Amino acid sequence: MKEIRNINILAIESSCDETAAAVVNNGREVLSNVISSQIELHKLYGGVVPEIASRKHIEKINQVIEEALEEADMTLDDIDAIGVTYGPGLVGALLVGVAEAKAIAYAKKLPLVGVHHIEGHISANYIEHPSLEPPFLCLVVSGGHTHLVCVKEYGEYEILGRTRDDAAGEAYDKVARAIGLGYPGGPKIDRLAKEGNPDAVKFPRAHIEGAPYDFSFSGLKSAVLNYINGCQMKGQTYNPADIAASFQKAVVDVLVENSMNAAAEFDMNKFAIAGGVASNSALREGMKEACQERGIEFYYPSPIYCTDNAAMIGTAAYYEYLAGTRHGWDLNAVPNLKLGER
């Protein structure tokens, strides 16, 4: 694909509980990346409350856009297109970002480019790895998604596997709640697991017959809860660090095994991870080791680009813009948008 020089994308992300805006130049250079997180607010409820998230987006969105433009030393007159997440995600939260993007694009007569949230996560890898280009495999792991994706070309994807029930990050949150760690569970389990024995408890690894690249974490989550309940009923003590380490090992083992099997079958020598759980230290280390053993180039974003952010949306929007993707004023939030849909 021929690269067009000096295209500045103003990107907006509001799919869940981060209100974010960024300015990205030519898809790979992040000129600004502003994120207003709501984690402290939602901690009170043990998870994201959609209505509260939507209201907070409305309060913050103009502010983060102004900050992103200021940080990039630009005004809207320097912007070539507006990129925005329009799905999947919480419908009310998405609507705030989509409405804002449409208003700016309409007022400034700029192209409007809607971006798939998972495409954004995949594209986060382009920011810090200038040499990375399709084709490659990418494992997207977050609170809402666990997808194993073949990136055939910019904007062209084939989903090889996905979770049948809980996403990996969702399982982390539920297990964290069960052992008293609170929300958000992923980072807390990762920290606590370093103090535990990953072989202390033998938790199950699910494999789906006839779908070798699909995932299932509901049974694993139930096994952890049953183990804790069993100990409590018998009056036995249990070590939360051992549970965290053993649970995390079970998750990582399945993610690594399925991913490496897919890399072998499709003869891929480049592999990337993305999404909030991609910042997990055990997953990074497990994937790095597995890729090294097989001579596969391994890519992963910095933690700031793993969690929801607008820079990744700006990167994805740039390649969609080059491909001619344009959306009209009828662009709407699509909470269950499938990867590859337009």
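The values are calculated or read from the model by the stated rules, or taken from the named source; none is laboratory data. Note that the coordinates shown come from a computational prediction; the quantities given were computed from them, not determined experimentally. Here Cβ is always computed from backbone atoms with ideal geometry, including for glycine, and neighbour counts include all displayed protein chains.
Checking the structure you have, find out if any residue of the stretch 264-286 is more than 26 Å from Lys188 (Cβ to Cβ), among the hydrophobic types (A, V, I, L, M, F, W, C) and free of Cβ contacts under 8 Å to residues at least 60 places away in the same chain. Among the residues of the stretch 264-286, at least one is more than 26 Å from Lys188 (Cβ to Cβ), among the hydrophobic types (A, V, I, L, M, F, W, C) and free of Cβ contacts under 8 Å to residues at least 60 places away in the same chain, which makes the answer yes. Being within 23 Å of Gly87 (Cβ to Cβ), surrounded by fewer than 20 Cβ atoms within 10 Å (Cβ to Cβ) and among the aliphatic types (A, V, I, L, M) is a property that holds for Ala99. Do the conditions hold for Phe271, that is, is it within 14 Å of Ala178 (Cα to Cα), crowded, with 19+ Cβ neighbours inside 10 Å and among the hydrophobic types (A, V, I, L, M, F, W, C)? Answer is no for this residue.
For Thr325, are the conditions met, namely being modelled with pLDDT under 95, polar (S, T, N, Q) and either within 30 Å of Ile39 (Cα to Cα) or surrounded by fewer than 24 Cβ atoms within 10 Å (Cβ to Cβ) (or both)? Criteria not met by Thr325.
Whenever a residue of the stretch 46-75 is loosely packed, with under 14 Cβ neighbours inside 10 Å, its partners that are polar (S, T, N, Q), lying with C-beta atoms within less than 8 angstrom and at least six residues away or across chains, give the pairs Gln63/Ser36; Glu70/Ser32. Listed residues Ser36, Ser15; which is touching a residue at least 60 places away in the same chain (Cβ under 8 Å), of a type outside the set (Phe, Trp, Tyr) and either buried (at least 20 other Cβ atoms within 10 Å of the Cβ) or on the phi < 0 side of the Ramachandran plot (or both)? One residue alone meets the criteria, Ser15. Applying the criterion of at least 2 residues that are aliphatic (A, V, I, L, M) and more than 26 Å from Pro134 (Cα to Cα) to the helices (runs of 4 or more DSSP H) found wholly in the stretch 229-342 leaves 240-265. Tallying residues that are part of a loop (DSSP other than H, G, I, E, B) and not hydrophobic (A, V, I, L, M, F, W, C) within the stretch 107-130 yields 4.
One line per residue, one yes/no per condition, for (1) at pLDDT below 95; (2) exposed (fewer than 14 other Cβ atoms within 10 Å of the Cβ); (3) under 22 Å from Glu170 (Cβ atoms):
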position	(1), (2), (3)
Val251	no, no, yes
Ser259	no, no, yes
Asn332	no, no, no
Leu339	yes, no, yes
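Of all positions in the stretch 90-109, none carries a residue that is touching a Cys at 6+ places or on another chain (Cβ under 9 Å), in contact (Cβ under 8 Å) with a residue 60 or more places away in the chain and either among the hydroxyl-bearing types (Ser, Thr, Tyr) or closer than 30 Å to Ser131 by Cα (or both). Restricting attention to the stretch 74-106, the residues that are in a loop (DSSP other than H, G, I, E, B), in contact with a strand residue (DSSP E or B) (Cβ under 8 Å, 6 or more places away or on another chain) and more than 12 Å from Gly314 (Cα to Cα) total 2. Remark: pairs (first residue in the stretch 138-152, on the phi < 0 side of the Ramachandran plot; second residue of a type in the set (Lys, Arg) and in a strand (DSSP E or B); Cβ separation under 7 Å; 6+ apart in sequence or on different chains) = Thr146/Arg162; His147/Arg162.
Checking each residue in the stretch 132-190 for being in contact with a strand residue (DSSP E or B) (Cβ under 9 Å, 6 or more places away or on another chain), part of a loop (DSSP other than H, G, I, E, B) and of a type in the set (Phe, Trp, Tyr) picks out no residue at all.
Within the option set Glu119, Glu195, being in contact (Cβ under 8 Å) with a residue 40 or more places away in the chain, of a type in the set (D, E, K, R), buried (at least 23 other Cβ atoms within 10 Å of the Cβ) and out of contact with any Lys or Arg (no Cβ under 6 Å at 6 or more places or on another chain) holds for one residue only, Glu119.
Can you run down the residue pairs with Cβ atoms below 9 Å, 6 or more apart or on separate chains, where the first is in the stretch 232-243 and in contact (Cβ under 8 Å) with a residue 60 or more places away in the chain and the partner is of a type outside the set (A, V, I, L, M) and surrounded by 15 or more Cβ atoms within 10 Å (Cβ to Cβ)? That search, which allows pairs on different chains as well, returns Pro240/Gly196; Ile243/Gly196; Ile243/Phe203; Ile243/Tyr227.
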